[in-house]
Amino acid sequence: VGTARAAAISAVTNYKPSAPPMNFQEEPTSELFNANVFSRAVMKKRLPKSVFKALCKTIDAGAKLDTSVADVVASAMKDWAIEKGATHYAHVFYPLTGFTAEKHDSFLSPDGTGGALAEFSGKQLIQGEPDGSSFPTGGIRVTFEARGYTVWDVTSPAYILENANGTTLCIPTAFVSWTGEALDKKTPVLRSMQALNTQAQRVLKLFGHTDGALVSSTAGPEQEYFLIDRNFFFARPDLLNAGRTLFGAKPPKGQEFDDHYFGAIPERVLAFMLEGEREMFKLGIPVKTRHNEVAPGQFEIAPMFEFANIATDHQQLVMTTLKRVAEKYGMTCITHEKPFAGVNGSGKHVNWSLGSASQGNMLDPGDTPHENAQFLLVCAAVIRAVHKFQGLLRAVVASAGNDHRLGANEAPPAIISIFLGDQLTDIFEQIKKGGANSSLPKGTLTVGVDVLPPLPKDAGDRNRTSPFAFTGNRFEFRAVGSNQSIAGPLVAMNTIVAESLDYCATKLEEATGGDASKLHGELQKLLTEIMNEHGAIVFNGDGYSQEWHDEAEKRGLLCLKTTADALPILEEPEVKELFEKYGVLSERELESRLETYLEQYVMSVNVEANLTLEMAKTLIFPAAIRYQAELASACANLKAVGYEFDTDTLDTMTALVKSLQDSIAELNSAMGKNGNECMKAESRHCCDEVLPAMLKVRAVADELEGIVADDLWPLPTYQEMLFIK
Ligand code: ADP
Ligand code: MG
């Protein structure tokens with residue numbers, strides 16, 4: 001067996017945990033929650049009352065930050081961090097790559113007498129200047145104005161990160177250019193939350209709620225991921241460099257039996273999960289559920305929902321923590337959307353809602369939703385928003401990786417639609433006809449066995465095929481890719497719903513002229529209008545079926561299959577106006593994002609294409625001709641001693657070797673046409689020519705994998721990677 005592959009198999013077989021199992025009795029996880037967070041409790045204890053109050057006002061009510069308190073906060077933060085062993089602080093920021101970036105600085109400065117002093121000023125807390133000139137900015141920051149600043153986000157708590165290389169105080173920040181333009185994922189999240197609050201307040205006012213409690217969007221992201229042994233990861237140049245396998249025949253036993261889904265979690269994986277969760281708990285991330293996913297080697301972790309901004313920062317930490325802890329257990333955590341062809345890909349279901357301290361969850365329908373006017377309005381606003389901006393929602397989940405998942409009969413289709421479930425669909429159907437008078441009962445679920453308790457029944461069954469589903473008291477956006485930052489999807493959700501609430505509030509304010517007694521009648525009319533105009537987005541059936549694709553076309557819904565199709569939506573006047581109007585992204589900021597995302601798509605495809613060529617030429621082709629030579633010499637030897645040799649296999653091999661060479665040449669020539677100045681044209685070329693040419697090479701290689709002698713095959717197989725634990 002090929003050397004790297006052989007070494008990997010032997011290492012996996014001989015795996016022994018490096019650390020003793022953790023003792024959960026001695027150090028109960030429950031006591032660790034928030035242990036490494038500069039939490040409200042810590043602030044309350046360590047800050048003067050007035051300063052603490054000022055901060056809370058900003059965090060809870062969105063009040064302008066009083067920067068005069070910064071020195072006091074910085075000093076308290078520093079003392080707390082140093083007590084916890086920190087030597088450095090880092091401004092953590094979220095560039096457009098979707099990754100997390102950090103710049104570390106030491107607390108220590110020379111004191112002028114040969115010693116050093118621990119210092120951390122308010123200015124250092126508020127503002128940093130990382131030399132982030134290599135981050136993609138889509139043209140916003142040309143090198144001569146290369147200054148970029150990180151700006152303290154007081155709404156997301158600072159925390160301590162412990163790892164093998166020391167202990168660091170981490171401060172979540174926004175990353176902006178010298179001209180104040182957003183260069184990151186966080187800034188628009190914060191702006192979109194502000195826009196949503198403004199418009200939601202107008203709606204609440206119509207219903208007589210004027211306490212002004214901040215309306216926030218909430219998010220609960222479920223993360224799917226794969227785990228494989230690290231030895232396999234390093235024996236696969238494609239996984240190592242592209243995050244997914246570019247070659248690999250489907251194993252004889254795939255996921256058909258569903259025997260992995262929710263099955264018992266393997267020992268090593270469970271140990272990893274326990275430690276990972278513990279680390280996340282310390283960071284204040286409320287992780288809640290874990291289970292096996294559909295594909296072999298696939299798992300999921302989900303926290304409880306939090307405010308969108310914090311959920312976004314925490315989600316980034318979940319990904320980095322999973323990766324870091326997996327290494328300790330000799331595994332690699334793969335967050336790519338489609339690491340293995342032919343088995344399920346990974347998504348990130350983003351559960352989304354909005355609410356406030358006094359209103360609670362504004363998407364909670366209650367027991368009789370047809371009487372819950374405020375809920376119906378908010379829900380209809382979401383329906384309108386998703387219909388009106390379906391293209392945008394598709395664009396914000398577009399990436400080279402996610403293209404392999406969406407529409408691949410396992411994940412939601414590339415068509416955006418909304419699943420409402422029976423109860424709400426019935427109500428909105430009544431509304432279309434003029435008004436809703438009843439709600440279908442939720443009922444109870446009886447199992448037919450006396451010893452099992454009756455359960456309250458959910459108002460609707462689940463529908464796994466819908467990209468955007470109402471799940472009881474929130475919407476679940478399921479088209480998001482497992483490797484993506486959830487910031488983009490949340491910015492889109494917050495902003496389109498803000499626009500819709502604005503539309504509704506404006507209409508109702510005008511129609512009622514401030515007369516509350518007219519509200520119900522006018523609301524009824526508005527809801528009917530919205531459902532008649534935008535009801536086409538509602539679909540409760542099977543999103544995988546051909547019928548739905550035909551039907552969606554008839555309804556005029558968009559089907560944007562690839563990133564190259566979807567990203568240009570960001571250029572549409574409607575989208576530009578949307579973001580501009582609500583102060584979320586200026587035209588220039590939006591353009592820079594489009595440019596950056598197109599470039600990232602192109603770069604990903606090019607890396608994969610180069611890897612495909614390299615692996616085909618240096619790993620697969622040599623294995624193929626070695627086997628061909630073996631067959632040929634067996635044939636010659638047998639003939640020499642007077643035996644016949646059936647040359648079927650040799651013929652097939654010879655034909656495949658020829659096809660491999662041809663397909664390599666084809667990919668080479670497709671790559672030769674790279675280099676369009678215009679990123680949009682280049683992305684089209686990648687999509688229409690490079691990717692299909694890569695697939696041809698793969699098809700031949702995968703066929704070879706089924707024929708070439710196993711001991712000559714150089715790459716760990718799907719079977720080995722996915723099933724050896
Ligand atoms: P599923 O059955 O869809 O896999 P999970 O329990 O794994 O459900 O995840 C559901 C997610 O939805 C959790 O992260 C949960 O906190 C989140 N969620 C629940 N209520 C809300 C809400 N009001 N806003 C946002 N997210 C929510
Ligand atoms: Mg879910």
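The values are calculated or read from the model by the stated rules, or taken from the named source; none is laboratory data. Since the model is a prediction, treat every value here as computed from it, not as a measurement. No Cβ is skipped: glycine too gets one built from the backbone with ideal geometry, and neighbour counts run over all protein chains shown. These accessible areas exclude ligands, DNA and RNA; they are computed on the full protein's heavy atoms, side chains included. Shrake-Rupley method; radii C 1.70, N 1.55, O 1.52, S 1.80 Å.
Hey, residue 711 hits all of (1) within 30 Å of residue 594 (Cα to Cα); (2) open to solvent by 50 Å² or more (accessible area, probe 1.4 Å); (3) more than 26 Å from the chain's Cα centre (by Cα); (4) in contact (Cβ under 8 Å) with a residue 40 or more places away in the chain but one; which does it fall short on?
Residue 711 satisfies all of (1) within 30 Å of residue 594 (Cα to Cα); (2) open to solvent by 50 Å² or more (accessible area, probe 1.4 Å); (3) more than 26 Å from the chain's Cα centre (by Cα); (4) in contact (Cβ under 8 Å) with a residue 40 or more places away in the chain except (1).
Taking the stretch 296-321, which residues are away from ligand 2 (no atom under 16 Å from the Cβ), hydrophobic (A, V, I, L, M, F, W, C), open to solvent by 20 Å² or more (accessible area, probe 1.4 Å) and outside any strand (DSSP E or B)?
Within the stretch 296-321, just 310 meets the criteria.
What tally of residues in the stretch 89-102 results from selecting those that are of a type in the set (Val, Ile, Thr) and assigned to a loop (DSSP other than H, G, I, E, B)?
Residues flagged as of a type in the set (Val, Ile, Thr) and assigned to a loop (DSSP other than H, G, I, E, B) within the stretch 89-102 amount to 2.
If you go through the stretch 42-57 one residue at a time, do you hit one that is surrounded by fewer than 17 Cβ atoms within 10 Å (Cβ to Cβ) and in contact (Cβ under 8 Å) with a residue 40 or more places away in the chain?
No: the stretch 42-57 contains no residue that is surrounded by fewer than 17 Cβ atoms within 10 Å (Cβ to Cβ) and in contact (Cβ under 8 Å) with a residue 40 or more places away in the chain.
Go through the stretch 209-226 residue by residue and tally those that are more than 14 Å from ligand 1 (Cβ to nearest atom), open to solvent by 10 Å² or more (accessible area, probe 1.4 Å) and either charged (D, E, K, R) or over 13 Å from residue 60 (Cα atoms) (or both).
So the count comes out to 3.
For the stretch 461-473, name all the residues that are near ligand 2 (Cβ under 10 Å from one of its atoms), under 18 Å from the mean Cα position of the chain (by Cα) and either open to solvent by less than 20 Å² (accessible area, probe 1.4 Å) or in contact (Cβ under 8 Å) with a residue 60 or more places away in the chain (or both).
If the condition is that a residue be near ligand 2 (Cβ under 10 Å from one of its atoms), under 18 Å from the mean Cα position of the chain (by Cα) and either open to solvent by less than 20 Å² (accessible area, probe 1.4 Å) or in contact (Cβ under 8 Å) with a residue 60 or more places away in the chain (or both), then 469 is the only one that fits.
Just one of 394, 324 is charged (D, E, K, R), open to solvent by less than 10 Å² (accessible area, probe 1.4 Å), away from ligand 1 (no atom under 12 Å from the Cβ) and part of a helix (DSSP H, G or I); which is it?
The match here is 394.
When you check residue 652 against the structure, is it open to solvent by 10 Å² or more (accessible area, probe 1.4 Å) and at pLDDT 95 or above, yes or no?
Against the criterion (open to solvent by 10 Å² or more (accessible area, probe 1.4 Å) and at pLDDT 95 or above), residue 652 qualifies.
Test residue 124 against the stated conditions and say whether it is out of contact with any Leu (no Cβ under 9 Å at 6 or more places or on another chain), polar (S, T, N, Q), open to solvent by 60 Å² or more (accessible area, probe 1.4 Å) and closer than 30 Å to residue 380 by Cβ.
Spelling it out, it is not the case that residue 124 is out of contact with any Leu (no Cβ under 9 Å at 6 or more places or on another chain), polar (S, T, N, Q), open to solvent by 60 Å² or more (accessible area, probe 1.4 Å) and closer than 30 Å to residue 380 by Cβ.
Please return the ranges of helices (runs of 4 or more DSSP H) entirely within the stretch 1-88 where 3 or more residues are within 30 Å of residue 620 (Cα to Cα). Break it down into steps so the answer makes sense when it comes.
On the way: elements: 3-13, 40-46, 49-61, 70-83.
Counting at least 3 such residues, we get 3-13.
Pick from the stretch 20-73 the residues that are hydroxyl-bearing (Ser, Thr, Tyr) and under 29 Å from residue 192 (Cβ atoms): which of them is modelled with the highest pLDDT?
Only one residue fits best here, namely 39.
Residues of the stretch 352-385 being touching a strand residue (DSSP E or B) at 6+ places or on another chain (Cβ under 6 Å), over 15 Å from residue 421 (Cβ atoms) and either within 16 Å of ligand 2 (Cβ to nearest atom) or open to solvent by less than 30 Å² (accessible area, probe 1.4 Å) (or both), which ones?
352, 353, 354, 355, 362
Take residue 247 and tell me if it is open to solvent by less than 30 Å² (accessible area, probe 1.4 Å), more than 30 Å from residue 89 (Cα to Cα) and aromatic (Phe, Trp, Tyr).
yes
Look through the stretch 329-351, keep the residues that are more than 26 Å from residue 701 (Cβ to Cβ) and within 16 Å of ligand 1 (Cβ to nearest atom), and return whichever of them is nearest to the chain's Cα centre (by Cα).
348
Determine whether the stretch 541-560 contains at least one residue that is at pLDDT 95 or above, open to solvent by 60 Å² or more (accessible area, probe 1.4 Å) and not in a helix (DSSP H, G or I).
yes
Kindly establish whether residue 485 is away from ligand 2 (no atom under 16 Å from the Cβ), at pLDDT 60 or above, surrounded by 24 or more Cβ atoms within 10 Å (Cβ to Cβ) and of a type outside the set (Lys, Arg).
yes
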